[in-house]
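These notes are about the structure you will find just below.
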Amino acid sequence: MNLEEKVVIVTGGTRGIGLEVVRTFLQNRARVILFGSKEDTVNKAIEELKKEGLEAEGYYPKLSNYQEVEETIKDIYNKYGKIDIVINNAGISANKKIEETTIDDFKNIMDINVNAIFNMCKAVVPYMKRENSGVILNTSSMVSIYGQPSGVGYPASKFAVNGITKSLARELAPFNIRVNAVAPGIIKTEMVDSLPKEVIEPLIKSIPLGRIGSTRDIANAFLFLASDMASYITGVVLQVDGCARN
Ligand code: NAD
């Protein structure tokens, strides 16, 4: 895929799925700006990419604060002259039972997984409308289809991500802005690596494709949806999960 000259923002781009998305888009010649939660993790990701001969820029706005997001997006627009693709990937998960989940836990997950996406979309859409062109991609999850047996805030937030995706796709289609989501299954990231063997092995055995997903599997799906190959696709939640049904 040739994304030459495309200006791409990836939130949660410092590690895991987001960092691989950044790497993949850079390898396909896009200009990529990664967002992280802290200066040091943003710098660490930029250094890691530099060692691979890849160059990205980084910012760390508080995604749940609309003013900070709006100012950062404005800076990026003023610097690059356009914003072609936004990938809303930053997210946190939850696994506590409802009795142990505090009101703040629930609010916090909604803030990062849902309100942050709203803020990013609200800030970026006026610039995309000016160009009559744009792509917004969101990271959902397989739990947005099936729910999960504990940690209700996480699937609730990802169902909301699908709602934002399908609704904005319809609202923004007349402006040639496509909005889609990728719903990963179980993906090999630091988070999954830290799970005990007895938890992860039965889960992997239950995946019909017989293996855990890689961050590259997910990045490739984002690459396809961002590219002109997907020019007639909008409002879709693409499951990339090896047919896992957990
Ligand atoms: P990760 O924990 O490795 O990375 C999360 C990223 O989000 C990091 O870059 C971090 O900086 C950013 N982030 C977290 N909290 C933030 C905050 N408050 N403000 C700004 N940025 C913040 O996780 P991952 O597994 O790579 O997950 C990335 C996305 O994929 C998430 O939306 C997650 O829900 C989704 N997902 C992951 C899996 C999986 O198996 N790993 C499966 C389904 C969906």
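On the given criteria, is PHE224 open to solvent by 50 Å² or more (accessible area, probe 1.4 Å) and either at positive phi or in contact with a Ser or Thr (Cβ under 6 Å, 6 or more places away or on another chain) (or both)? Against the criterion (open to solvent by 50 Å² or more (accessible area, probe 1.4 Å) and either at positive phi or in contact with a Ser or Thr (Cβ under 6 Å, 6 or more places away or on another chain) (or both)), PHE224 does not qualify.
Hey, does the range 175-186 have a residue that's assigned to a helix (DSSP H, G or I) and at pLDDT 95 or above? Yes, the range 175-186 contains at least one residue that is assigned to a helix (DSSP H, G or I) and at pLDDT 95 or above. Here ASP228 passes the criteria (1) modelled with pLDDT of 95 or more; (2) of a type outside the set (Ser, Thr, Tyr); (3) within 16 Å of the ligand (Cβ to nearest atom) except the one numbered (3). If the condition is being of a type in the set (A, V, I, L, M), open to solvent by less than 70 Å² (accessible area, probe 1.4 Å) and either within 16 Å of VAL182 (Cβ to Cβ) or not in a helix (DSSP H, G or I) (or both), then the range 146-172 contributes ALA160, VAL161, ILE164, LEU168, ALA169. If we scan the range 205-212, do we find a residue that is more than 16 Å from the ligand (Cβ to nearest atom), free of Cβ contacts under 8 Å to residues at least 60 places away in the same chain and under 21 Å from the mean Cα position of the chain (by Cα)? No; the residues of the range 205-212 include none that is more than 16 Å from the ligand (Cβ to nearest atom), free of Cβ contacts under 8 Å to residues at least 60 places away in the same chain and under 21 Å from the mean Cα position of the chain (by Cα).
Is there a residue in the range 183-193 that is open to solvent by 70 Å² or more (accessible area, probe 1.4 Å), more than 11 Å from the ligand (Cβ to nearest atom) and out of contact with any Leu (no Cβ under 6 Å at 6 or more places or on another chain)? No, that holds for no residue. If you check VAL69 against the conditions, is it closer than 24 Å to SER214 by Cα and part of a helix (DSSP H, G or I)? Here the answer is no, as VAL69 does not meet what is asked. Looking across the range 26-65, the residues that are open to solvent by less than 50 Å² (accessible area, probe 1.4 Å) and of a type outside the set (A, V, I, L, M) come down to ASN28, PHE35, GLY36, THR41, GLU57, GLY58, TYR59, PRO61, SER64. Cβ separations smaller than 9 Å between residues 6+ apart or across chains give the following pairs from the range 130-158 residues that are away from the ligand (no atom under 12 Å from the Cβ) to residues that are part of a strand (DSSP E or B) and open to solvent by 10 Å² or more (accessible area, probe 1.4 Å): GLY134/ARG178; VAL135/ARG178; ILE136/ARG178.
Could you check, for the range 101-121, whether at least one of its residues is crowded, with 17+ Cβ neighbours inside 10 Å, in contact with a helix residue (DSSP H, G or I) (Cβ under 9 Å, 6 or more places away or on another chain) and among the hydroxyl-bearing types (Ser, Thr, Tyr)? Checked the range 101-121: at least one residue is crowded, with 17+ Cβ neighbours inside 10 Å, in contact with a helix residue (DSSP H, G or I) (Cβ under 9 Å, 6 or more places away or on another chain) and among the hydroxyl-bearing types (Ser, Thr, Tyr).
Could you please let me know if ALA169 is within 16 Å of the ligand (Cβ to nearest atom) and within 18 Å of ASN88 (Cα to Cα)? In short, no. Contact annotation: residue pairs with Cβ atoms under 6 Å, 6 or more positions apart or on different chains, pairing a residue in the range 83-99 that is of a type in the set (Ser, Thr, Tyr) with a partner that is within 16 Å of the ligand (Cβ to nearest atom), are SER93/TYR154. Please specify each residue of the range 27-59 satisfying the condition of being touching a helix residue (DSSP H, G or I) at 6+ places or on another chain (Cβ under 7 Å), within 16 Å of the ligand (Cβ to nearest atom) and aliphatic (A, V, I, L, M). Of everything in the range 27-59, those that are touching a helix residue (DSSP H, G or I) at 6+ places or on another chain (Cβ under 7 Å), within 16 Å of the ligand (Cβ to nearest atom) and aliphatic (A, V, I, L, M) turn out to be VAL32, ILE33, LEU34, ALA45, LEU49, ALA56. Here LYS82 meets the list (1) in contact with a Ser or Thr (Cβ under 9 Å, 6 or more places away or on another chain); (2) part of a loop (DSSP other than H, G, I, E, B); (3) within 16 Å of the ligand (Cβ to nearest atom) almost entirely, failing just condition (3).
The values are calculated or read from the model by the stated rules, or taken from the named source; none is laboratory data. Just so it is clear, the structure is predicted and the values come from calculations on it, not from any experiment. So basically every Cβ, Gly included, is an ideal-geometry build from the backbone, and we count neighbours across all protein chains shown. Calculation scope for accessible area: heavy atoms of the full protein, side chains included, ligands and nucleic acids excluded. Shrake-Rupley method; radii C 1.70, N 1.55, O 1.52, S 1.80 Å.
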